[in-house]
Amino acid sequence: MKCIKLKCEYQTNPIGIDVKNPRFSWQIESEKQNIIQETYRIQCSNNKTFEEKKLLWDTGFVSTNNSNQIEYKGRELSSFQGVYWRVMVETNRGVSAFSEIAYFEMGFLDTEWLGNWITSDVKFQAKDQCPILKKNIYLTDTPVSARMYITSLGVYESEINSNKVNQDILAPGWTSYNNHLQYQTYDVKDMLVKGENTIAVTLGSGWYMGKIGFEKHGGPENRYGDTVALLAQIEAKYADGQSQIIVTDDSWKSDQSAIIFSGIYDGEHYDARIESSKNYDELASVKIYEPENQFDIVGQITPGVRVIDTIKPVELITTPNGDKVLDFGQNMVGWVKVSAQGNAGDEIYLKHGEIMLDNEFYNVNMRSAKTEALYILKGEGIETFEPHFTFFGFRYVKIEKYPGDIDINQFKGIVISSDIEYSGMFKCSNEKVNKLYENIVWGQKGNFVDIPTDCPQRDERLGWTADTQVFAATACYNAMSVSFYDKWLKDLAFDQLPNGCVPFVVPDVVRDSRTSSAWGDAATIVPYTLYRFYKDKKILERQYHSMKKWVEYIRAEGETETLWNTGFQFNDWLAKDGYGLTTMHGATPKDLVATAMFYYSTTLLVKSAQVLGYTEDVAKYNNLAERIKQTFNYEFVTKAGRISGETQTAYTLAIQFNLLDDKNIEVATKQLVELVRREEHRITTGFVGTPYIAHVLSNNGYNEDAYRMLLNEECPGWLYQVNMGATTIWERWDSLLPDGSINSGRMNSFNHYAYGSIAQWLFEVVLGITPDNGFQTFNIAPKPNPLLGFARGAIDTLYGRIQSAWEINEETITVSVSIPCNTTAKLYLPEVCQQDFKDTIQFENVDGALVIMLGSGNYSFTYSNKDIKALK
Ligand code: BGC
């Protein structure tokens, strides 16, 4: 028995955290079944010896089965302090030894930065030219440890002695800069040497002052400021206990870098002829800069954006027009790394696009985003280029200029994403569904670029709130998404208006004073989703005020306090029922959608208040929810159970959120099924109905219709996109029309993950893995259907890996599951298979199901196929 995967604040051995009482988690590994932790013991120490008397914290044996969210409560920690920690557990079936030693290290707690903000003194011809700031330093010895703390207004790339310091791309990341800015901490011991060292930091406009958002509302540039600046501090420690600190101050030097243009949307221009080779003394000076805004500088809490993959182009196409276009075979996010040999002044010019239309390169759908890379050679041997402060969403790259013959091997696709752990797996007997799942994961990776974006390619790449909430549960099945969303939710609360209005996008660069239901509901849906998947009470507690403000905002908005029938609504965005007629907002009445979502948010507020023990709010918002429900029924439901609008989304929302009186559920479900069958299982819901419709069908007796909807290959449908060659999820069900033409170039992204939310149904219903309480106790209620021969999948939780699989054979069905240590699961099988198990298994009968209690371990159950009818 072992304790493994020790994490601190969800990270492995993090440095530079500024959470005073960081939280720990670990997993238990054992060959034995039914393991439950009975006690844990954590020790924290200043060094690896864990000398009893000098410990910072020794919990002794604490009786609990909790193995995550355990808060450090030892001696108070100070800035930059490093802490070694280890854990052991006693379980019902044996005791572990102490784990291997893990580590965490503090950043700035109550300590001020010693340096100043500095900016370049060079006069640039154009605003988006990138300065480079340099400092030569002399170290008296070889350091035994060294850290660089660094942040910037704009984005930075930092080098020590020509070694890249930050693997993070677009650091310091995008936050609500007026409120808080992240710094990064890097271990730079191995880069520093005794004697002369050069530090060089290049700065780019990034989200801070480059183009971001739309023309209206004050223009897309200089959203947060008009000057890029740097703040850094290096501390080198020597063997004799002395240390040397280097900070940003007016002794630094500056110059123009070779990046002569850089912008998130437009791309990058790089002129290798001006790579800075000037003598240090010839460089221009820097200025001390006082940022206009007051913001906190905070430690990074989520993995940065990194290179996560490299792919080769599959083909060099010569189009009928004679263009040279590289096909990377996959709609990806990142850039192309390219090598070439030529003369000084020769150019490489690349344009990025997602699709080919009529066999030609197409990028009209990038709208105003130029998405270009221009490299100018210096003419010295083989030169390799890649951009620094931008990214592209693309599958095809048009090579407009290249010196000499184009060799496909000189091009590599560099894939970037926020570097969270992906562990979700889904496979089934239908290859098209497998491809769909792959596309969904690519969609997540491409749209997790420091913030959750709507799309990664055109002139948006914004934290649209609906897109985020719609996909949140799917993202948590696919990957450890908790700290990624934690960061974003802080910004949501920062950027929420004083009256509770949640902006369309977070961080809010659109600055519209309007909101919309299903968009603003991200304020309640995302924190509660994180609670279900990770039991993170701290996030819930921190967000609670924002959640409540959102519900109160709606309450004040409508004509009455229980009906939201005023103002602008995006409504069931891009639903196919309303599209083509007059609108992109779908045919479901907007007051219905707004009031249903209002109800849902209020119920999530109640659940959160329950978790947090806010009893007065539980009563208050339960009462509000009850009254919203009455209003909903009065306004939108007939006595016979029909729902206004008669759309898939209208019925879906009413049933999914439990808005109907019991007597109407059956009629409403039948009506929904009727609508679905009338469309021959084509899905006509938009952003609002799509995440729920398959759940509603499966959970109310029409599982087979949900499967048929998934497997429908006609437009609109998930597999229609797969058949049309999609490698990610499209913004519109019919971004490409059945004849291969494009459905509008104005608003048409081929990497928009919202409809990828069907993966939640694959995990939660097909495999039946249902989160609650961070998965310490959970249900596995698979709903197999013979339309698929088998399905299997897995997710990694904070306790370990959960697996669920089923296979339908000629005469039997086998269900197999793995339950991690220190958790228990209830496995739901159809009641009718009871006869196959005779007295071999202990179970309970609950609502027509056979419920088997399982402790940790691997299990397999086989029962007769004739029971298949019970699965429908
Ligand atoms: C974005 C969306 C977003 C929407 C609002 C679009 O331009 O790409 O996904 O939610 O605007 O309707």
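With the Cα gyration tensor of the range 237-360 giving a ≥ b ≥ c as the square roots of its eigenvalues, does the rule (a/c under 1.5 for rounded; else a/b larger than b/c for prolate; else oblate) give rounded, prolate or oblate? Prolate, because a/c is 1.5 or more and a/b exceeds b/c. Computed from label points 7 Å out along Cα-Cβ, the spacing between GLU431 and THR638 is 4.8 nm. Exceedance of the 18 Å cut-off in Cα-Cα distance is limited, within the set LYS5/LYS490; LYS783/LYS866; LYS312/LYS398, to LYS5/LYS490. In terms of its C-alpha gyration tensor, the range 306-418 has an oblate overall shape, because the principal axis ratio a/c (a ≥ b ≥ c, square roots of the eigenvalues) is not below 1.5 and a/b does not outweigh b/c. Heavy-atom accessible surface of ASP407, to the nearest 10 Å², is about 60 Å², with a 1.4 Å probe and all protein chains retained.
For the range 306-418, relative contact order (Cα pairs under 8 Å, six or more residues apart, normalised by length) works out to 45 percent. A simple count of charges around PRO771, restricted to other residues whose Cβ falls under 11 Å of its Cβ and scoring Lys, Arg +1 and Asp, Glu -1, yields 0. Entry note, the range 736-872: relative contact order of 20 percent, from Cα contacts under 8 Å with a spacing of 6+ residues. The separation of the range 194-239 from the range 539-557, counted between C-alpha centres, amounts to 33 Å.
Legend: residues SER481, SER744, sorted from most to least accessible area (1.4 Å probe; ligands, DNA and RNA excluded), read SER744, SER481. Shown for the range 481-620 is the translational diffusion coefficient from the Stokes-Einstein equation, using the Kirkwood radius over Cα pairs, a temperature of 20 °C and a viscosity of 1.002 mPa s: 138 µm²/s.
In a solvent-free Debye calculation with one equal scatterer on each Cα, what is log10 I(q)/I(0) for the range 42-158 at q = 0.10, 0.11, 0.15, 0.17 Å⁻¹, listed in the order of the q values? The Debye formula, applied to the Cα set alone, gives -0.55, -0.62, -0.87, -1.00.
Mean separation of Cα pairs under 8 Å and 6 or more residues apart, divided by the residue count, gives the chain a relative contact order of 10 percent. Largest to smallest in accessible area, the residues SER483, SER285 fall in the order SER285, SER483 (1.4 Å probe, all protein chains included). Largest accessible area first, the listed residues PHE568, PHE295, PHE61 line up as PHE61, PHE568, PHE295 when surface is computed with a 1.4 Å probe on the assembled protein chains. Using the Cβ atoms and a cut-off under 11 Å, what net charge is assigned to the surroundings of PHE392, where Lys and Arg are +1 and Asp and Glu are -1? That sum, taken over residues with Cβ under 11 Å, equals +1.
The heavy atoms of HIS752 offer some 10 square angstrom of accessible surface to a 1.4 angstrom probe. Ligands, DNA and RNA excluded, the heavy atoms of ILE317 present near 30 Å² of accessible surface to a 1.4 Å solvent probe. Given q = 0.05, 0.06, 0.10 Å⁻¹, what are the Debye log10 I(q)/I(0) values for the chain, with equal point scatterers placed on the Cα positions and solvent ignored? These q points yield log10 I(q)/I(0) values of -0.29, -0.43, -1.21.
Compute the long axis of helix 465-478 from its Cα atoms, compare it with the longest principal axis of the Cα atoms of the chain, and write down the angle in degrees, 0 to 90, nearest 10. Between helix and principal axis, roughly 80 degrees. Projected over all directions and averaged, the alpha-carbon convex hull of the range 2-106 occupies 6.1 nm². Across all directions, the shadow cast by the convex hull of the range 420-553 built on its C-alpha atoms averages 8.4 square nanometres. Computed from Cα atoms, the angle from the helix 662-678 axis to the main principal axis of the chain rounds to 70 degrees. In terms of its C-alpha gyration tensor, the range 682-776 comes out prolate, because a/c is 1.5 or above and the ratio a/b outweighs b/c. The C-alpha atoms of the chain define a longest principal axis, and helix 431-447 lies at about 40 degrees to it. Placing unit charges on the Cβ atoms of the charged side chains and taking the dipole of the chain about its Cα centre, the candidate lying farthest along the positive direction among ALA522, PHE448, THR562 is THR562. Loop-resident GluC sites (Glu not before Pro) (DSSP state other than H, G, I, E or B) in the range 783-872 with no more than 16 further Cβ atoms inside 10 Å of their Cβ: GLU810, GLU811. Relative to the Cα centre, the charge distribution of the chain, modelled as +1 at Lys and Arg Cβ and -1 at Asp and Glu Cβ, gives a dipole magnitude of about 1320 debye. Surface composition of the chain: carbon plus sulfur atoms hold 45% of the accessible area, using a 1.4 angstrom probe and ignoring ligands, DNA and RNA.
The values are calculated or read from the model by the stated rules, or taken from the named source; none is laboratory data. No experiment lies behind these values; they were computed from the predicted model shown. Here the Cβ is made from the backbone with ideal geometry for all residues, glycine too, and neighbour counts use every protein chain on show. Quick note on the areas: whole protein, heavy atoms, side chains included, nothing else; ligands and nucleic acids left out. Shrake-Rupley method; radii C 1.70, N 1.55, O 1.52, S 1.80 Å.
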